[in-house]
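The values are calculated or read from the model by the stated rules, or taken from the named source; none is laboratory data. Owing to the predicted nature of the structure, the values given are computational and were not obtained by experimental measurement. Reconstructed Cβ throughout: ideal geometry from the backbone, glycine too, with neighbour counts over all protein chains shown. When the accessible area is computed, the model is the full protein with side chains, heavy atoms only, and any ligands, DNA or RNA have been set aside. Shrake-Rupley method; radii C 1.70, N 1.55, O 1.52, S 1.80 Å.
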Amino acid sequence: MKAARFHQYGGPEVLSYEDVEAPVPGSGQIRIHVAGAAFNPADNGIRSGNLREAIPVSLPHGAGLRRVRSGGCTR
């Protein structure tokens, strides 16, 4: 799958569009397909590192496209 990610804090230049392995849902979890996403001021603060204490993230960090897949879900 493709994902927009960053591996370090910084400006827009730290973003990269990458091929990554699709996550495998565990029992009782699903994987969804994201058809659209937005980038807002909080996302900018996370990427720049200005919000790293308020909203900690693991690096690399980013969003990607995921398809629906059940793994023992009942609903």
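Residues in the stretch 5-23 that are free of Cβ contacts under 8 Å to residues at least 24 places away in the same chain and part of a loop (DSSP other than H, G, I, E, B): 21 only.
Looking across the stretch 24-55, the residues that are assigned to a loop (DSSP other than H, G, I, E, B) and surrounded by 10 or more Cβ atoms within 10 Å (Cβ to Cβ) come down to 25, 28, 32, 33, 34, 37, 39, 49, 50, 51, 52, 55. Would you call residue 62 open to solvent by less than 70 Å² (accessible area, probe 1.4 Å), under 20 Å from residue 18 (Cβ atoms) and modelled with pLDDT under 75? Yes; evaluated as a whole, the condition is true for this residue. Restricting the stretch 1-23 to residues that are of a type in the set (D, E, K, R) and open to solvent by less than 90 Å² (accessible area, probe 1.4 Å), the residue that is farthest from residue 58 (Cα to Cα) is 2.
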